[in-house]
Amino acid sequence: MKKFCGALFLTALFFCSFFGTSKSDLRRMSDFITAFIEVDYYNFDSRSITMSELLNFGIWHSYMNNHDLIEQVRYDSYDSAISAKDVEAAVRKYFALPVKHQNISYEGSVYPYRNGMYYFNAADGVPSRAEVQEVSRKGNVTTMRGKIIFNNTDDEDEILGEFVATAKAHKHKGKNT
């Protein structure tokens, strides 16, 4: 992991154009970028992201951040499930894109879609986070720069690399987000 190069996000996602650079705003921006890092989405452009990538993000973001949405099941060889509605909500919130529910094949993993549910095997990711340190704006596009940090269990955080992320202003559920 130490060999991480800088990560480049071309997310063209959403972010409120009125965000300033207060500590609170930087923390919210850091949380936003962390949503992608914690599910290993480092290099992508939302203008060319595949449906499988979107749905994979929806499953794993929900799993990492809201365990209440996950059901323990026994379906074929899978031990967990999440409703398609919850996967779709995560995709709409972070990408502002529509979804087409389907079986997912992503990086060698297959997640079947059956009866309004996605099935998968639960697994935890790497405890990494983003720390936004610099913000600039041009029109409704916000560019964030910062560090990717591994939350080491020895209480010493380790810097894995740097990132540049761009995001566009977006309304979600009637709010600038």
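Rundown of residues vs (1) over 21 Å from residue 25 (Cβ atoms); (2) in contact with a Cys (Cβ under 8 Å, 6 or more places away or on another chain); (3) not assigned by TED's automatic domain parsing to the domain that holds residue 29, yes/no style:
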residue	(1), (2), (3)
69	yes, no, yes
87	yes, no, yes
97	yes, no, yes
101	yes, no, yes
135	no, no, no
143	no, no, no
152	yes, no, no
168	no, no, no
Discussion item. Suppose we filter 107, 131, 158 for residues that are acidic (Asp, Glu) and within 23 Å of residue 50 (Cβ to Cβ); which single one remains?
Written reply: 107
Practice prompt. Scan region 61-78 and give yes if some residue there is under 24 Å from residue 169 (Cβ atoms) and of a type in the set (D, E, K, R), otherwise no.
Written response: no
Discussion item. List pairs: first residue in region 70-88 and farther than 16 Å from residue 124 by Cα and surrounded by 13 or more Cβ atoms within 10 Å (Cβ to Cβ), second residue aromatic (Phe, Trp, Tyr) and modelled with pLDDT of 95 or more anywhere in the structure, Cβ distance under 6 angstrom, at least six positions apart or on different chains.
Written reply: 75/119; 87/118
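Every residue in region 90-106 that is touching a residue at least 24 places away in the same chain (Cβ under 8 Å) and of a type outside the set (Lys, Arg), please.
90, 91, 94, 95, 96, 97, 99, 101, 102, 104, 105, 106
The values are calculated or read from the model by the stated rules, or taken from the named source; none is laboratory data. Predicted model only: the values in this text are computed from it and were never measured. Glycine also receives a Cβ, built like all others from the backbone with ideal geometry; neighbour counts cover every protein chain displayed.
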